[in-house]
1. With each run of n ≥ 4 DSSP H residues scored as -39500 (n - 2.57), what mean residue ellipticity at 222 nm is computed for the chain after dividing by its residue count and rounding to the nearest 500 deg cm²/dmol?
2. If packing is taken as the mean number of other Cβ atoms within 10 Å per residue, what is the order of 12-23, 60-71, 273-284, highest first?
3. Could you tell me the center-to-center distance, by alpha carbons, between the stretch 139-165 and the stretch 467-484 in angstrom?
4. Enter the Cα centre distance for the pair the stretch 200-254 and the stretch 24-64, rounded to the nearest angstrom.
5. What do the square roots of 5 times the Cα gyration tensor eigenvalues come to for the chain, in whole Å, largest first, as semi-axes of the equivalent ellipsoid?
6. About the Cα centre of the chain, what is the dipole size in debye to 20, counting +1 per Lys and Arg Cβ and -1 per Asp and Glu Cβ, all else neutral?
7. Can you give the direction-averaged projected area of the convex hull of the alpha-carbon atoms in the stretch 22-72, in nm²?
8. With each pseudo-label sitting 7 Å past Cα toward Cβ, what's the TRP508-LYS520 distance in nm, one decimal?
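Rule-based calculations on the coordinates, nothing more; no lab input. In this text the structure is predicted, and so the values were computed from the model without any measurement. No Cβ is skipped: glycine too gets one built from the backbone with ideal geometry, and neighbour counts run over all protein chains shown.
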Amino acid sequence: MITTKELRQKYLDFFVSKNHTIIDGASLIPENDPTVLFTTAGMHPLVPYLMGEKHPSGNRLVNYQKCIRTGDIEEVGDNTHLTFFEMLGNWSLGDYFKQEAIEYSWEFLTSEKWLGLDKNKIAVSVFAGDKDAPRDEESAKIWLALGVPKHKIAYLPKKNNWWGPAGKTGPCGPDTEMFYWVGEGLPPQGSNPGNDETNWVEIWNDVFMQYYKDETGNYIQAQQKNVDTGMGLERTVAVLNNYHDVYQVDTLKPIYNRVLDLAVVKNNIKAVRIITDHIRAAVMIMGDDQGVVPANVDQGYVVRRLLRAAIRRGRELGIDSYFLQDIAQVVIETLNNPYQELFRNKQRIISEISIEEEKFNKVLNEGEKKVKQFISNGKLSGEEAFQLYTTYGYPIDEIKRLGVEVDLDSFYEKLKAHQELSRVGSEQKFAGGLADHSEEVKRLHTATHLLHAALRKVLGDHVAQKGSNITKDRLRFDFSHPTKMTPAEIQQVEDMVNEQIKKHLRVWWTEMTVTEAKQKGALGLFVQKYGEKVKVYTVGEENDWFSRELCGGPHVENTAELVSFKIIKEEASSAGVRRIKAVVGK
Ligand code: SER
């Protein structure tokens, strides 16, 4: 048996023996890249160095990196998909290229000194070539020379064997992937990842970043050729141990077992897995020092949705008592080595999770009461179900779970129209979400944008949003600023926001690409994935605006709706981060 700890250590040791320097993994919340919500791959924090900046630790690096991917959230509950996972990676920044990278991978996988895997159970894929880049015969040749038979080399298209760019433009290139056979016995002659996607499981990806995708969509030869490799830790440990699913891996199993212990209904494995995955991911996101807590925007919104979906699944399992705190404790115990930030932030994680659980249980209980009040003729209309969802955040699936008959067609029609209006991109796929679109929340949301812009104008451009949380009664905004604000600064910011309210400025949005948004000076965290279109809210006019920010919305239509703005508190949130609480109206 191999544990995650052992695989992490072996990987680091191997690459150190090949003159790589170990670097720390980055936070899950990108520190220098406000354009994405989460670190989704080991290469994210390294983009500046892949583009040619000199890395202080040299040009051969190795690390393990915490990652969050929400794109496949619908798949969670199957054998392999996880929202939070760890990635092992080695990097060549303009140093070695295909030859050494592939040789290192092969040696690590097959040498008795390292993983000692059965060579017969390894197959690979390489890029098949297209109009942008040639077929990667170079990699294929290297594999052949190492002894991988021809029939175990699959040539696959861009959709499989290409990585990047992380944004619309940037470093990218063909990759070669390594697969391990998880089927019965040995793979049959001729079997490879191109013709059997079930029994060959990808364990490692070597990306050869030899291209740069430019603004016009052309792939040009990069000035610096890099190697970016990524090995999914949990998946590889599962495969190496012949586990049937990733939940048997040591960084998941104690959490899974605890959920199963608490479950009254024991045969809903999918729900147990989802709860395990979601609470684990939420704790890891909250565990970073940026202090993310459940909220209605940005990373906090993802945390909220993960926790709420877990609570709902808990009900499916017959767990009626509060249980998130219990599971969160197990997550912290399971992952605090190596992720010691979890211990550091334990108190906040546990207390915020408990608050969220209490809040959502209230939503569920009150929603249930409202459903009973609304029911006329033994049936709920689409409009009623829709109101329960938008006003109280009460999910349609809960209504279904109660066994109440609902006009689903009409509900989904209304929901669709509503989503088109306030699309929050890929995150929308999430189940169990809260969509508090009440007038109070909209006004506070717009006020947050005005506050953000005013803070930057008064204090300087170093002000960056670190968190935001809105309740019906107040907004809370965390931002980077080294010192306490003086009373005069607070007054100035408040006055500036009130001025915008008095000017009756228009609040409107358009969709554009990430690049356009940046060019147009938009601030903020990108809700959508790179490359997709984002929604940008502007307060003011196209060429004379006060605030422009990426945001899913919704907002008021005119600043006049805010009536007035008042800062009620300015305090420290954490080192270098200040927190403002403010109210609007009257
Ligand atoms: N960037 C590649 C991936 O995420 C390899 O690290 O798979």
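1. Counting only the DSSP helices, I get -11500 deg cm²/dmol.
2. Answer by packing, highest mean first, reads 273-284, 60-71, 12-23.
3. Distance between centres, Cα-based: 49 Å.
4. 15 Å
5. After scaling each eigenvalue by five and taking roots: 42, 30, 23 Å.
6. 820 debye
7. 3.8 nm²
8. A separation of 1.0 nm, rounded to one decimal place.
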